[in-house]
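To keep things clear, I will list the structure first and then write my remarks on it.
The values are calculated or read from the model by the stated rules, or taken from the named source; none is laboratory data. These numbers were taken from a predicted model, which means no experiment stands behind them. Methodologically, a virtual Cβ is constructed for each residue, glycine included, from the backbone with ideal geometry; neighbour enumeration extends over all protein chains shown. Heads up: the accessible areas ignore ligands, DNA and RNA and are worked out on the full protein's heavy atoms, side chains in. Shrake-Rupley method; radii C 1.70, N 1.55, O 1.52, S 1.80 Å.
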Amino acid sequence: RIDFTNPALPRFWQPGVYIHIKFVGTTCELILNDEVLWGNKHNYLEIIVDGVAKRIQTKKAQDTIVVASGLHNGKHELTICKNTEANIGYLELVGFRCQKLIKPAAKPTRKIECIGNSITCGTGADASSVPCGKGVWEDQHNAYMSYGPVLARKLNAQYHLSAVSGIGLMRSCCNMDVIMPPVFDKVSMRNDTINWDFKKYQPDVLTICLGQNDGIQDSTIFCNNYIAF
């Protein structure tokens, strides 16, 4: 889910949003704007160059990040994936700096959408740089390694993660002021008002992992809400 209101600066909040390019050359730089929500939140990204992944974090409001260097002077593939969730703020793609961009391969025809909560977001999935229980909440976020993207890569499919940590169908945890039905049609599913156009992405397979944060509820009302959403 990406906001193209300003085509020169596509903006995205959701975990798992990814960008794929091909380029020629020995190096490539990525230029991003980070919202730096609340003045101190910085997003984590997964950077995959020719199939080799590494996890990095933005450092300032506009970052120029060397995502590839020392490569052979030929064709390379690069994927950028937002690892952190919507409540860590948006990212805007400013552009890439490399010798030459070339046309990427066609998108996979299969499409998956995964609706859910923290399990779907990849919350707590990566303790490689900051151990569990240390740092701040987003330090262990890794949407790229959550089950939806892993499955999509296995099946050569596109994917969307329509997920928010702590969210429920009737009741969310942790004093959250949103539940899934009212935000499911938003570009950012965490207190955002920009409507998402579902015509832009019609999945072949839909998975739903919700209910853990609702607690014990009336089963009839819960199922009716599920159908409505």
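Run the count for region 1-135, please: Lys pairs, Cα-Cα under 23 angstrom, 8 or more apart or on different chains.
29
Using a 1.4 Å probe, how large is the accessible area of Y147, given in Å² and rounded to the nearest 10?
Ignoring ligands and nucleic acids, Y147 comes out at about 80 Å².
What are the residues whose amide H is under 5 Å from the amide H of S162, where those residues sit 5 or more places off or on another chain and H is modelled from the backbone?
Amide H neighbours of S162, under 5 Å, 5+ apart: C114, I115, G116.
What does the convex hull of the alpha-carbon atoms of region 78-194 project to on average, in nm²?
That works out to 9.3 nm², a quarter of the Cα hull's surface.
Please list C223, C114 in order of solvent-accessible area, largest first, computed with a 1.4 Å probe with all protein chains present.
C223, C114
Heavy atoms only, probe 1.4 Å: what % of the accessible area of the chain goes to carbon and sulfur, would you let me know?
About 55 percent, which is the carbon plus sulfur part of the accessible surface.
Using only the alpha-carbon atoms of region 16-115, report the extent along each of the three principal axes, biggest first, to the nearest angstrom.
41, 32, 20
Might you tell me the accessible area per residue for region 91-177, computed with a 1.4 Å probe and given in Å²?
51
Pop out the ³J(HN,Hα) list for region 160-168 in order, Karplus 6.51 cos²θ - 1.76 cosθ + 1.60 with θ = phi - 60°, rounded to Hz; leave Gly and Pro as x.
With coefficients 6.51, -1.76 and 1.60, one gets 10, 9, 9, 8, 9, 4, x, 6, x Hz.
With +1 on each Lys and Arg Cβ and -1 on each Asp and Glu Cβ, how big is the dipole of the chain about its Cα centre, in debye rounded to the nearest 20?
780
Given the convex hull of the Cα atoms of region 142-229, what is a quarter of its surface area in nm²? It would help to have the intermediate numbers written out before the result.
Details: hull surface 26.5 nm².
For the Cα atoms of region 142-229, the hull's average projected area reads 6.6 nm².
What do you reckon, how do H72, H42, H20 stack up by accessible area (1.4 Å probe), largest on top?
H72, H20, H42
Which residue, D218, D192, D126, tops the fluctuation ranking in a GNM of the chain built on C-alpha contacts under 10 Å?
Result for the chain, Cα springs under 10 Å: D218 fluctuates most.
Determine the order of F23, F4 by accessible area, beginning with the largest, at a probe radius of 1.4 Å.
Ranked from most to least accessible, the order is F4, F23.
Tell me which cysteines of the chain come out unpaired when the rule is another cysteine's Cβ under 4.7 Å.
If one checks each Cβ against the other cysteines of the chain, C81, C114, C121, C132, C209, C223 turn up with nothing under 4.7 Å.
Using only DSSP helix segments of four residues or longer, with each worth -39500 (n - 2.57), what per-residue ellipticity at 222 nm results for the chain after dividing by its residue count and rounding to 500?
-2500 deg cm²/dmol
Anyone know which of N73, N43, N191 comes out most mobile in the 10 Å Cα GNM of the chain?
Highest fluctuation of the listed residues: N73.
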